[in-house]
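Remarks on the structure that follows.
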Amino acid sequence: QAALAPRFSPHEACTSTIRAAMPATSLGTGAVPAMFEPWTLGGLSLKNRICKAATHDGGTFDDLRKAYMRLAHNDVAMITVAYVAVSSTNKTFDNQHHIGEDNLADWARLCASVKAVGGKMSAQLHHPGLFCMSTAGVPQGPSLFYLPSKAVWPKALGIDDIVGIKREFVKAATLCKLAGFECLELHCGHGYLLSQFLTPIVNRRRDGYGGNAEKRAQLPVEIAQEIRAAVGADFPIVVKLNAEDGLPFPGGLKLEDSLVAAKRLADEGGVDAIIPSFGYTGLNGLSMLRGGVPLDKLVEAAPSALTRFIGRCIGSYIVPRIEYDSLFLWEMTTRYVELLKDSRTHVIYVGGADSFQTIEEVVLGGCSAVQLGRPLLREPYFVKKIERDVAAAACLDHVQTASLCIRCNMCTLA
């Protein structure tokens, strides 16, 4: 129990006490900061607007249990488990967790432990596509294309392969619901399989899954539709979607085409939220994070001799340094807020929400919630810290609570 205890004393003000103490402010229309207002995602009630983004949080189920129980104790409304592989063989790395009949009991115990302390869990469903480095896996994508991964010839997916991948997503989604997850996140970003279908230079197909922006979005839309049919109308489905790929050469996904995909996912896919993101694993590695680039250590940690060789030769080109700014994706995200303002689909912000003021800004600016990654890795008690400072402030405009994260990005090597 001591390992799971919050940094702040349990005798400090809890959320209900804080709400009673919060003064009105020019930041919002009531006494409670926007980020602490409860809301509903699909059929799921959430106690505030702060969610944990998908990050690597441990190698074993026991590691995950400890990390997520601590976040739940510290008032994170929903916790996302990263990279839950829909395939037991086609994975980014051998040690990536999949969900299947063989480990369903482990997932169920994890979800039950977190739920017992008030947490709610979301599973990020993932297929690496061409960025596959697992021993038994085969790099595969919409068209013949090589992403730095295994020293094997990649496979261009046929229609039968696509049907099989859709089945894997649906089965994984069904098992996640059975295990006790209360939300699903489709990973359509960062250069993994569903993202690869959206990228023009990678997806050069001439059938119904390739061509213009609408056709390139067809597979993610079909997967969303089939998952919705399997899990029911009220079960939340959200999509992490690249706003842009940020490739160092022409042919990447651009914002206007991403908006087309978002609209289709909302209107036809029936998803409950879009999370606009940025960057391409393997071609623009840390652009979704910004800040420090521990390139030497990233190369050392690469899983194969080939990827280490590529990293040494052109690592600074495919993992460039991009300066970090707070809310670095806000301008792009406002386009999704405008696009979806009259729909049932929420927009959830991710990307540099690193303080009380920035979180309030995006929630008041039209996003229903924020996902935090590095601030919660650095300080799992970050939400509690904000609550404490808000309760002590005479006016919310005076609250200056900020993350202690220095954006070194060493956490990517965990």
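Quick check on my filter: what residues within segment 80-95 are modelled with pLDDT of 95 or more and not β-branched (Val, Ile, Thr)?
Hits for segment 80-95 are Ala82, Tyr83, Ala85, Ser87, Ser88, Asn90, Lys91.
Helices (runs of 4 or more DSSP H) wholly in segment 142-227 with at least 1 residues that are at pLDDT 95 or above and among the charged types (D, E, K, R) - which ones?
159-179, 213-216
Identify, by number, the condition in (1) at pLDDT 95 or above; (2) under 21 Å from the mean Cα position of the chain (by Cα) that Met133 doesn't meet.
Only one criterion in (1) at pLDDT 95 or above; (2) under 21 Å from the mean Cα position of the chain (by Cα) is unmet by Met133, namely (1).
Given the criteria at negative phi and either among the basic types (Lys, Arg) or part of a helix (DSSP H, G or I) (or both), does Leu253 qualify?
The answer is no for Leu253.
Here are some conditions: (1) touching a Lys or Arg at 6+ places or on another chain (Cβ under 7 Å); (2) assigned to a helix (DSSP H, G or I). Arg109 meets all but one. Which one does it not meet?
It fails just one condition, (1).
Restricting to segment 137-164, and then to whatever is touching a residue at least 24 places away in the same chain (Cβ under 8 Å) and of a type in the set (Val, Ile, Thr), can you tell me which residue is nearest to Ala305 (Cα to Cα)?
For segment 137-164, the residue satisfying everything is Val138.
Please go through segment 139-150 and pick out each residue that is more than 17 Å from Thr281 (Cα to Cα) and open to solvent by 20 Å² or more (accessible area, probe 1.4 Å).
Leu144
Would you point out the residue of segment 366-405, among those that are touching a residue at least 12 places away in the same chain (Cβ under 8 Å) and open to solvent by 50 Å² or more (accessible area, probe 1.4 Å), that is farthest from Ala273 (Cα to Cα)?
Here the answer is Ala394.
Of the residues Glu182, Glu168, only one is open to solvent by 10 Å² or more (accessible area, probe 1.4 Å), within 19 Å of the chain's Cα centre (by Cα) and not hydroxyl-bearing (Ser, Thr, Tyr); which?
Exactly one residue qualifies, and that residue is Glu182.
In this structure, is Pro276 at negative phi and modelled with pLDDT under 95?
Considered against the rule, which asks whether it is at negative phi and modelled with pLDDT under 95, Pro276 comes out as no.
Out of curiosity, is Leu283 open to solvent by 10 Å² or more (accessible area, probe 1.4 Å), in contact with a Gly (Cβ under 9 Å, 6 or more places away or on another chain), on the phi < 0 side of the Ramachandran plot and not acidic (Asp, Glu)?
The answer is yes for Leu283.
Within segment 263-275, identify whether any single residue is over 20 Å from Val170 (Cα atoms) and in a strand (DSSP E or B), and answer yes or no.
Checked against the condition, which is being over 20 Å from Val170 (Cα atoms) and in a strand (DSSP E or B), segment 263-275 yields at least one hit.
Could we say that Tyr324 is at pLDDT 75 or above, of a type outside the set (A, V, I, L, M) and more than 30 Å from Ala233 (Cα to Cα) here?
In short, yes.
Does segment 216-230 hold any residues that are surrounded by fewer than 24 Cβ atoms within 10 Å (Cβ to Cβ) and among the β-branched types (Val, Ile, Thr), and which are they?
Once the filter is applied, which keeps residues that are surrounded by fewer than 24 Cβ atoms within 10 Å (Cβ to Cβ) and among the β-branched types (Val, Ile, Thr), segment 216-230 yields only Val221.
Which of (1) crowded, with 24+ Cβ neighbours inside 10 Å; (2) assigned to a strand (DSSP E or B) is the odd one out, the single condition Gln124 does not satisfy?
In the conditions (1) crowded, with 24+ Cβ neighbours inside 10 Å; (2) assigned to a strand (DSSP E or B), Gln124 misses (1) alone.
Taking Val84, is it within 19 Å of the chain's Cα centre (by Cα), part of a loop (DSSP other than H, G, I, E, B) and surrounded by 22 or more Cβ atoms within 10 Å (Cβ to Cβ)?
no
Has segment 231-238 got any residue that is surrounded by fewer than 23 Cβ atoms within 10 Å (Cβ to Cβ) and touching a helix residue (DSSP H, G or I) at 6+ places or on another chain (Cβ under 7 Å)?
Yes, because at least one residue in segment 231-238 is surrounded by fewer than 23 Cβ atoms within 10 Å (Cβ to Cβ) and touching a helix residue (DSSP H, G or I) at 6+ places or on another chain (Cβ under 7 Å).
Taking Phe93 and the conditions (1) in a helix (DSSP H, G or I); (2) closer than 30 Å to Pro148 by Cα; (3) touching a residue at least 40 places away in the same chain (Cβ under 8 Å); (4) open to solvent by 10 Å² or more (accessible area, probe 1.4 Å), which numbered condition does it fall short on, given that it satisfies the others?
It is condition (1) that Phe93 fails.
The values are calculated or read from the model by the stated rules, or taken from the named source; none is laboratory data. Just so we're clear, the structure is a prediction, and the values are computed from it rather than from any experiment. Note that each Cβ is placed from the backbone with ideal geometry, even for glycine, and that neighbours are counted across all protein chains shown. Ligands, DNA and RNA are excluded from the accessible area calculation, which covers all protein heavy atoms including side chains. Shrake-Rupley method; radii C 1.70, N 1.55, O 1.52, S 1.80 Å.
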